1. Give me the accessible area per residue for the chain, probe 1.4 Å, as a whole number in Å².
2. Looking only at the chain, where both bridge partners belong to it, what percent of the DSSP beta bridges are antiparallel (to the nearest 5)?
3. Which of S212, T222, V246 sits farthest toward the positive end of the charge dipole of the stretch 205-247, with +1 on the Cβ of Lys and Arg and -1 on the Cβ of Asp and Glu?
4. Please list, or write none, the lysines whose alpha carbon is within less than 19 Å of the alpha carbon of K444, excluding same-chain residues fewer than 8 places away.
5. Taking the Cα centre of the chain as the origin and placing charges on Cβ (Lys, Arg +1; Asp, Glu -1), which of N348, I266, Q377 is farthest toward the positive end of the dipole?
6. What does the helix-only formula give at 222 nm for the chain: each DSSP H stretch with n ≥ 4 adding -39500 (n - 2.57), the total divided by the residues, and the result rounded to the nearest 500 deg cm²/dmol?
7. Once R0 is set to 51 Å, what does the formula 1/(1 + (r/R0)^6) return for the Cβ-Cβ distance between R320 and N427, expressed as a FRET efficiency to the nearest 0.05?
8. Which one, T196, T92, V421, projects farthest toward the positive side of the charge dipole computed for the chain from Cβ point charges (K/R +1, D/E -1)?
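The values are calculated or read from the model by the stated rules, or taken from the named source; none is laboratory data. In this text the structure is predicted, and so the values were computed from the model without any measurement. We place every Cβ from the backbone using ideal geometry, glycine too, and count neighbours over all the protein chains shown. Please note that ligands, DNA and RNA were not included when accessible areas were found on the heavy atoms of the full protein model with its side chains. Shrake-Rupley method; radii C 1.70, N 1.55, O 1.52, S 1.80 Å.
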Amino acid sequence: MLLTKEAFGEDFIWGVSTAAYQIEGAHNIHGKGLSIWDVFVQKRNKIFQNHNGDIACDFYNRYTEDLYLMYRLNIRNYRFSISWSRILPDGTGEINPSGIDFYNRLIDLSLELGITPWVTLYHWDLPHTLDKKGGWLNRDIKEWFGHYVAICVTHFGDRVKNWMVLNEPTVFCATGYFFGVHAPGKKGIDYFLAATHHAALAQAHGARIIKSIQNDNTVGTTFSCSYVEPFTTREKDIVAAKKADVLLNRLLIEPLLGMGYPTSEIKILKRIEKYIKQNDEKDLKFDMDFIGIQNYTREIIRHATFVPYLQAKIVSAKDRKVTTTAMNWEVYPEAMYQMLKKFSAYQNIPPLTITENGAAFPDRVENNMVDDPKRIQYLQDTLEQVLRAKQEGVNVKGYFVWTFLDNFEWAEGYQPRFGLVYVNFQNQQRIVKSSGNWYANFIK
Ligand code: GAL
């Protein structure tokens, strides 16, 4: 298969993705309120070496040079997220004019450079004030979120035409409300189920609000997904893999498509009904214009008697002795093909766009250059799988690399580097990696 940009067709969208908390810094200036991440990073031993996103890539102050760099690398689609607490310091109530001003400048300069903005409304940085009222555990979040979305669309919707409501709801509900390893650090099955239902409600509600303000824009939302396979062909492992598939791939897309929650494989999930009110089921459904797929790897699952609720566990890539990235995720590009096939098999599924994909490797600067052949290989191999799916008829419209700049990788701090552009966090110097030049050339 000849991998060229042309093979994907003229309308195929090529871009890069980022998220506010991971790059912006400027965490407490110009009226910005605290987010749950600003608070979570202050707790000891939650983040690798107690790193935090206070400064991150200082994108808030350096967005001009970063957008020019993006332009020079031929990138014409930029997915970024809006920090809710920069717009509404308390989550609801007073608007912060400096926050509006920042995103206006970012959007305007992008457009001036011919870069189309793709805006995620929520990439995990909930205003801390709302967390104090329960955050995603409080059903009122549907209205709080709707209010914030309306403000964003009213202020930016004349120029922003592509919106994503949530980033990976399953991930922030699981890591933030079940495992407690991400903000706000809560642990428990009931927290997880409540957060999940409220996120699903907010997702459809947010999309409805965007459309009600401006009907001519493109609205989607994004889902994490991993290709799941059983460890052996033993029945028990197959059952375990099915359960993992529910949690990793099906839990949030199915209610959105009007299929309800997939509760039949995992008994405990039925408990979500506690949080469901009359009419909710129909409110969870929304016809998105596109679905964002975010895939990085596959997971191998085996039966595990002592794992509560699931009796299933991931067999780590390390134990399987396969090639991994710096996240200890298996390098398995075919996962992308499998996920595109899986999602496209749903009835009434809208077109898919890959809103994140990429890899972290331990990059090193030598002679002011960063040579990262493994990342180039990863991107090429994954794109081959995207093309394979596309040629088999999957309606996939675009591909965004995660990510533009090395950044704050949540609980892993600054250790894993995912960027096409290297960032020296001591002096904020940017160095385009070989992969950045490769991508620039590929999408030219
Ligand atoms: C995604 C997330 C991103 C980024 C990426 C790499 O789950 O949306 O913010 O962290 O993974 O780990």
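1. Roughly 40 Å² per residue, with all protein chains present.
2. 25
3. S212
4. K5, K397, K433
5. Farthest towards the positive pole: I266.
6. So the calculated ellipticity at 222 nm is -10500 deg cm²/dmol.
7. 0.85
8. Checked the options; the winner is T196.
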